[in-house]
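The values are calculated or read from the model by the stated rules, or taken from the named source; none is laboratory data. Keep in mind it's a predicted model, so treat the numbers as computed, not measured. Ideal geometry is used to build each Cβ from the backbone, glycine not excepted, and the neighbour counts take in all protein chains shown.
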């Protein structure tokens, strides 16, 4: 049981007869009266344990979106329940209000709706519902906590989706669906057309030129081949889930930025006809998506990404080449989403880069901290000068690791959290246009 503020106020009013009569015994008589009234009120309160609870809520929601969690309360007792219901969601579920007042007559059902706006990705859970039932005088209440488990999966928001239409338009240009056609060497033959000034002479098809030239013509009509990006290429995305992925940059975990970049690249490559495989790795496979295409690919990706959080340990890069070979033995675009902030932490990555670049086209994508770049510009006092020196050193370390990766044959893409996904998509399109996939 529990007492309400009205009961406390009623007890406090016992001061009035004491002051009026000057007899201390009056207070004890008043206190006894309050206890009797509270006991009667408690006896007349409806039983919270006779409340049946059902839940209605969606199974998935994107981070930052609002959904409604509905509790259906059924009074199976014989007395009306007047009180408060508290739904025990985790704080990160973002419940607008955890408590709601109810007036539930015997044998009837009421719905209690609680808006949820989660602010953390992953599984958000509620295990219990607490019902507090007051008596008619609202002096005392019965209280019971009822098991009513529920869970909602909070998916990555995929804010980078807004960059997809412009990148798809560029892919259509490469694919020959617009008036723009890729000239010169490519990866997959598309069609023949007449030579125009500026075309690569290596693209001239001499057999087609001989067939098209009339015997009485003054000169040959040169014919060139046009190319388009080859379809059904392999794109393998490896997300680092080690300790460096837990760092927050621009108020966003590094791993979440990697998810945004992976989703945009996957959507783009899938629309281009390429096959996308995705894996999350630190010292074990934390999640994997293989063999999915189209809308199923993005759905499986966000479901796989949602519950994964970084592990506070060093990533075992020595096993990554074997992981890639397990996924595909063909030439592929291998994208590593990781951190290249410090040479010491990147030593494992550098040690396996030669194995990957011998067989695959490798792109290393890393988030840069805008605050570090900003710190290099602030030098007004001694503290800021020291901070600027540390920031310059951090940028120099990143540049050294990037140079080492390029020397080993890898492409490097860096950018702030908002800039990395489109920058990675642009690099993919550039590699496709150059015929390197």
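Quick notes on this structure:
- Residue in the stretch 149-169 that is nearest to residue 3 (Cα to Cα), counting only those that are in contact with a strand residue (DSSP E or B) (Cβ under 8 Å, 6 or more places away or on another chain) and either crowded, with 17+ Cβ neighbours inside 10 Å or in the same structural domain as residue 308 (by TED's automatic domain parsing) (or both): 150
- Residue in the stretch 305-316 that is touching a residue at least 12 places away in the same chain (Cβ under 8 Å), under 16 Å from residue 158 (Cα atoms), assigned by TED's automatic domain parsing to the domain that holds residue 247 and in a helix (DSSP H, G or I) present: yes
- Whichever residue in the stretch 361-383 is surrounded by 22 or more Cβ atoms within 10 Å (Cβ to Cβ) and in contact (Cβ under 8 Å) with a residue 60 or more places away in the chain and, among such residues, is nearest to residue 417 (Cα to Cα): 367
- Residues in the stretch 223-259 that are modelled with pLDDT of 95 or more and at positive phi: there are none.
- Which listed residue is modelled with pLDDT of 95 or more, in contact with a strand residue (DSSP E or B) (Cβ under 6 Å, 6 or more places away or on another chain) and surrounded by fewer than 24 Cβ atoms within 10 Å (Cβ to Cβ), from 279, 262, 306: 279
- Restricting 339, 319 to residues that are modelled with pLDDT of 90 or more, out of contact with any helix residue (DSSP H, G or I) (no Cβ under 7 Å at 6 or more places or on another chain) and surrounded by 13 or more Cβ atoms within 10 Å (Cβ to Cβ) narrows the list to 319.
Condition check ((1) in contact (Cβ under 8 Å) with a residue 60 or more places away in the chain; (2) crowded, with 19+ Cβ neighbours inside 10 Å) across all residues:
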| position | (1), (2) |
| --- | --- |
| 392 | no, no |
| 397 | no, no |
| 428 | yes, yes |
| 435 | yes, no |
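- Residue check for residue 98: crowded, with 17+ Cβ neighbours inside 10 Å, in contact (Cβ under 8 Å) with a residue 12 or more places away in the chain, closer than 30 Å to residue 252 by Cβ and in the same structural domain as residue 119 (by TED's automatic domain parsing): no
- Which numbered condition residue 386 fails, given (1) closer than 30 Å to residue 271 by Cα; (2) out of contact with any strand residue (DSSP E or B) (no Cβ under 9 Å at 6 or more places or on another chain); (3) exposed (fewer than 15 other Cβ atoms within 10 Å of the Cβ): (1)
- Residue in the stretch 35-48 that is touching a strand residue (DSSP E or B) at 6+ places or on another chain (Cβ under 8 Å), at pLDDT 90 or above and exposed (fewer than 12 other Cβ atoms within 10 Å of the Cβ) present: no
- Enumeration of residues in the stretch 106-122 that are surrounded by 13 or more Cβ atoms within 10 Å (Cβ to Cβ) and either more than 15 Å from residue 85 (Cβ to Cβ) or at pLDDT below 90 (or both): 106, 116, 117, 118, 120, 121, 122
- Scanning the stretch 123-142 for residues that are surrounded by 15 or more Cβ atoms within 10 Å (Cβ to Cβ) and touching a residue at least 60 places away in the same chain (Cβ under 8 Å) gives 129, 131, 132, 133, 134, 135, 137, 138, 139, 140, 141, 142.
- Residues satisfying the stated conditions in the stretch 1-21, i.e. surrounded by fewer than 16 Cβ atoms within 10 Å (Cβ to Cβ), in contact (Cβ under 8 Å) with a residue 12 or more places away in the chain and under 13 Å from residue 139 (Cα atoms): 1, 2, 6
- Residue that is touching a helix residue (DSSP H, G or I) at 6+ places or on another chain (Cβ under 7 Å) and farther than 30 Å from residue 95 by Cα, where the choices are 25, 31: 31
- For the stretch 284-303, a residue qualifies if it is in contact (Cβ under 8 Å) with a residue 24 or more places away in the chain, surrounded by fewer than 16 Cβ atoms within 10 Å (Cβ to Cβ) and either assigned by TED's automatic domain parsing to the domain that holds residue 61 or not in a helix (DSSP H, G or I) (or both), and the qualifying residues are 285, 290.
- Hits in the stretch 284-303 - residues which are at pLDDT 90 or above and more than 26 Å from residue 353 (Cβ to Cβ): 296, 297, 298, 299, 300, 302, 303
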